[in-house]
Amino acid sequence: MFERKLSKRVSRAFVCAFGLATVAMLCAGTASAQTLSKKTTVTFNMPVEIPGVGAQVLPAGVYVFRLMDSLSDRNIVQVFNKDESHIYATILAIPNFRLRATDKTVMTFAERAAGEPQAVKAWFYPGDNWGQEFVYPKSKALELAKRTNLPVLYIPDEVAPNIVAPVKTVDEAPVVALKQAPLKAITPSGQDVALADVVASPPTLVAGLPKTASNVPFIFVMGLFFMMAAAALNPLCRRA
């Protein structure tokens, strides 16, 4: 009889601890998903241009930027309105490295003539050294290159309609077309140059690389499990 009661109490303690562990892991998974998407709400106090067909200009207002995919050397960034009920663009981007990370979202812009909307060049998530440099259709890239007197990354103009297609998943045709598009840079004179001649590689790290994930959630869950088990078993062990 005593062994049966002990078994029931241990089983209940295990189920309780397992339930708490599951909730903790689900919460950690939600936070991880938020970090992976780099979802960011930004407010522009003036019109800005983003890649699209022709000149795609966003009026001053609040917008949401987030990563749709970041598992390769070509990333996909989506731009939404404030409540994410409308998508303005699905943009091809490549990793852009900065030496010093900041604790705030940073948007960089290409220089434009007075009175013209600034063109978004790159987006950096708070705390990240790696950001997203946006790729424009060739005709717009050439225009920006002439304005800035610097090479600008581009995809062929015929791929541009995929930027404004209303896609939701990474396996849809417009996203696949963007990721497979030939990617080059164009100079102010209209000459093509290799991507490696424009995109700087990050500096070589001498110290050890940072960990990609923390063991804190796992340690917390295991510690909680053992505490629950000990609390359940302690009275029974005293009776024995």
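Taking 23 Å as the limit for the C-alpha separation, the pairs 39/82; 38/104; 38/121; 39/140; 39/179; 140/184 exceed it in the case of 39/140.
Residues whose amide H comes within less than 5 Å of that of residue 88, counting only those at least five positions distant or on another chain, are 79, 80, 81 (H built at 1.01 Å from N in the peptide plane). Taking a straight Cα-Cα cut-off under 17 Å and skipping sequence neighbours fewer than 8 places away in the same chain, the aspartates and glutamates within cross-link reach of residue 168 are 69, 83, 84. Pair-distance distribution P(r) for the range 38-197, from all Cα-Cα distances in 5 Å bins starting at 0: 2, 9, 19, 23, 22, 17, 7, 1, 0 percent. Projecting label points 7 angstrom from Cα along Cα→Cβ for residue 98 and residue 70 puts them 1.4 nm apart. Rounded to the nearest 20 debye, the dipole magnitude of the range 38-197 is 300 debye, with +1 charges on Lys and Arg beta carbons, -1 on Asp and Glu beta carbons, and the Cα centre as origin.
Cβ-Cβ distance of residue 197 and residue 139, R₀ of 25 Å, FRET efficiency by 1/(1 + (r/R0)^6): the value works out to about 0.75.
Every number here is computed from the coordinates shown, using simple stated rules; none is lab data. Quantities reported herein were computed from a predicted structural model and do not represent experimental measurements. A quick note on method: Cβ atoms are made from the backbone with ideal geometry, for glycine too, and the neighbour counts reach across all protein chains shown.
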